[in-house]
Amino acid sequence: MSRIGKKPIPLPKGVTYAVEGNTVRVKGPKGEVTTHMPAGVKLEQNDGHLLVVREDDSKAAVHGLVRALVNNSVEGVTRGWTKELDIVGIGYRAEMKGKTTVVFTLGYSHLIEYPLPAGIEVTVDPKQTHLVVSGIDRQKVGFVAAEMRSLRPPDPYKNKGVRYSNERLKKKVGKTGAK
């Protein structure tokens, strides 16, 4: 039996859910998130908690997955999700262009404009080297942060580039001089 799948999902006040076919729609104070739910797994409400129940053991592979996805949706509509990025390097920076585009200066000969998808917000600190990506859909927040990081991944030799705030890098030693 899935240990994660057995855990109940706490359902805070103001959060509602509806199962429509193979999707789960979770509404809360911050918005609404829809999640795909495979066949053979269903949700049951029990004194303020949601339980994920599978029909038989052939659905064991998706039992914990569905519970994690629904839990992420519930947390997203109540608290939201954030990812923090740091930009390291001389002259490297980011700035907002309106509310829907982030403009990066990352040492290339051109500026990189990154359009934000719907439901994602980015805030840039005054030094222009720290970004906070936030939203209610955990997958979207992680995807946008990963795409921003991939614009200039951290260099192992100089430690320059875009990295997650909690990311620790191992600096490599460069070439040694000829003797």
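The values are calculated or read from the model by the stated rules, or taken from the named source; none is laboratory data. Just so it is clear, the structure is predicted and the values come from calculations on it, not from any experiment. Please note: Cβ atoms are built from the backbone with ideal geometry, for glycine as well, and neighbour counts cover all protein chains shown.
Listing for the model above:
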{"item": "Residue under evaluation ASP86, criteria (1) surrounded by fewer than 15 Cβ atoms within 10 Å (Cβ to Cβ); (2) more than 21 Å from LYS30 (Cβ to Cβ), criterion not met", "result": "(1)"}
{"item": "Test: residue in region 146-169 that is out of contact with any Asp or Glu (no Cβ under 9 Å at 6 or more places or on another chain), loosely packed, with under 12 Cβ neighbours inside 10 Å and basic (Lys, Arg)", "result": "yes"}
{"item": "Residue that is nearest to GLY40 (Cα to Cα) [pool: residues in region 52-92 that are touching a Ser or Thr at 6+ places or on another chain (Cβ under 7 Å) and among the hydroxyl-bearing types (Ser, Thr, Tyr)]", "result": "SER73"}
{"item": "Complete set of residues in region 67-81 that are part of a helix (DSSP H, G or I) and out of contact with any His (no Cβ under 9 Å at 6 or more places or on another chain)", "result": "ARG67, ALA68, VAL70, ASN71, ASN72, SER73, VAL74, GLU75, GLY76, VAL77, THR78"}
{"item": "Among the candidates LYS59, LYS42, LYS27, residue that is in a helix (DSSP H, G or I), over 18 Å from the mean Cα position of the chain (by Cα) and more than 30 Å from ARG152 (Cβ to Cβ)", "result": "LYS59"}
{"item": "Subset of region 104-122 that is of a type in the set (A, V, I, L, M) and assigned to a loop (DSSP other than H, G, I, E, B) - its residue that is surrounded by the fewest Cβ atoms within 10 Å (Cβ to Cβ)", "result": "ALA118"}
{"item": "Candidate set from region 89-103 (those that are among the β-branched types (Val, Ile, Thr) and closer than 18 Å to GLY161 by Cβ); member that is surrounded by the most Cβ atoms within 10 Å (Cβ to Cβ)", "result": "VAL102"}
{"item": "Failed item, numbered, when ALA39 is tested on (1) modelled with pLDDT under 90; (2) surrounded by 16 or more Cβ atoms within 10 Å (Cβ to Cβ)", "result": "(2)"}
